[in-house]
1. Which of the numbered conditions does LYS204 fail, given that it passes all the others? Conditions: (1) closer than 21 Å to ALA135 by Cβ; (2) surrounded by fewer than 16 Cβ atoms within 10 Å (Cβ to Cβ).
2. Output the residues belonging to segment 51-80 that are among the small types (Gly, Ala, Ser) and more than 16 Å from ligand 2 (Cβ to nearest atom).
3. Of all residues in segment 22-64, which are of a type in the set (Gly, Ala, Ser) and open to solvent by less than 20 Å² (accessible area, probe 1.4 Å)?
4. Which one of VAL229, VAL219 is more than 23 Å from LEU124 (Cβ to Cβ), out of contact with any Leu (no Cβ under 6 Å at 6 or more places or on another chain), open to solvent by less than 30 Å² (accessible area, probe 1.4 Å) and hydrophobic (A, V, I, L, M, F, W, C)?
5. With the requirement that a residue be more than 11 Å from ligand 2 (Cβ to nearest atom), acidic (Asp, Glu) and more than 9 Å from the chain's Cα centre (by Cα), what does segment 104-136 give you?
6. When the residues of segment 159-199 are filtered to those that are among the β-branched types (Val, Ile, Thr) and part of a helix (DSSP H, G or I), which remaining residue is farthest from ligand 2 (Cβ to nearest atom)?
7. Look at VAL63 and say whether it is hydrophobic (A, V, I, L, M, F, W, C) and over 25 Å from the mean Cα position of the chain (by Cα).
8. Can we say LEU256 is closer than 20 Å to SER51 by Cα and either crowded, with 20+ Cβ neighbours inside 10 Å or touching a Ser or Thr at 6+ places or on another chain (Cβ under 7 Å) (or both)?
Amino acid sequence: MKNLKKDLLSIYDLSVEQIWGLVSSARKLKKSKYSDKLKNKTIGLIFEKPSTRTMVSFETAMVQSGGVPLVLDTQKLQTKRGESIYDTSKVLSRYLNALVIRAFKHEFVAEFAKYCSIPVINALTDFEHPCQILADLMTIIEKFNIKSVKELKKLKIVFAGDSNNVFNSWLAISAVLGLNFVQLGPKKYFPKKDLLQKASEYAKKTKAQILISNDINDVKGANVIYTDVWTSMGNEKEADVRKKEFKPYQVNVDMLKKANKNCIVLHCLPAVRGQEITEEVMALQEKNIFDQAENRLHIQKAIMFALIK
Ligand code: CP
Ligand code: NVA
């Protein structure tokens, strides 16, 4: 696999070969938990929003690889008192080997990436969640025993829900790999035109089939139904309205019946049972969804091994 760019901020930072390489590496690492690949290396974790999976999987990945994760409490850093991102980046680059950041604004992470000499990894912003989507892809590859990108293109992947960070990364990976990808959701929440434009430019080359639809029947033939919360962190004020508007797109048994017989359901979690996914579907698909969560750990290792020199 060719060297990755310095940072992982977006799925668009990766080529087809690099995406495939990261997933393959994560699948190998899943078989051998411990190594000393990151011995004497230290990463910093800056999280402006809550996290269970991303935070704990990065910390654990680091420890299992012989390195040390440092959780940098945003309330205790001097940035809280106004120290610039420029100075913070320059200083942290002298101590750490990588920085993992979850932020409200994508620009916050991008600015760190600009000034840091060490790799910066996007651990979720309002714009993308690349580490999540790589673990999702790994899960799909495992579940369907996929051997090549060509085989992956034969699956129909349906994302039921909001045009949020997770969706944006799914749109990007579909465009880059040339997948058959459908989003189901209310018109009001369709993706921004510039994002669709970028995806369709890639799709011209990769032959990705991307459909944005408000017709629930477009779930027909789905091999994977994917969902995420209707209200993302930071949008809480809109929760009541969204609850009503997204209701027809809930992942429930009726929706599953319309899909392919072997269809699996994935959810990045945390889930709001009874909203975007029913209790029943969560129970039926529990194994797939928790395998997906476990894969976060393996993909974080693959990402860090590829980025940290
Ligand atoms: N899926 C995900 O990123 O979960 P956390 O918010 O718990 O990290
Ligand atoms: N879209 C969700 C993902 C959580 C992992 C959010 O941003 O809150």
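1. Single failed check for LYS204: (1).
2. Correct list: ALA61, SER65, GLY66, GLY67.
3. The answer is ALA26, GLY44, SER57, ALA61.
4. VAL219
5. GLU107, GLU111
6. The extreme case among them is VAL176.
7. For VAL63, the condition - hydrophobic (A, V, I, L, M, F, W, C) and over 25 Å from the mean Cα position of the chain (by Cα) - is not met.
8. It is false that LEU256 is closer than 20 Å to SER51 by Cα and either crowded, with 20+ Cβ neighbours inside 10 Å or touching a Ser or Thr at 6+ places or on another chain (Cβ under 7 Å) (or both).
The values are calculated or read from the model by the stated rules, or taken from the named source; none is laboratory data. These numbers come from a predicted model, not from an experiment. So basically every Cβ, Gly included, is an ideal-geometry build from the backbone, and we count neighbours across all protein chains shown. SASA here: full protein model, heavy atoms, side chains in, ligands and nucleic acids out. Shrake-Rupley method; radii C 1.70, N 1.55, O 1.52, S 1.80 Å.
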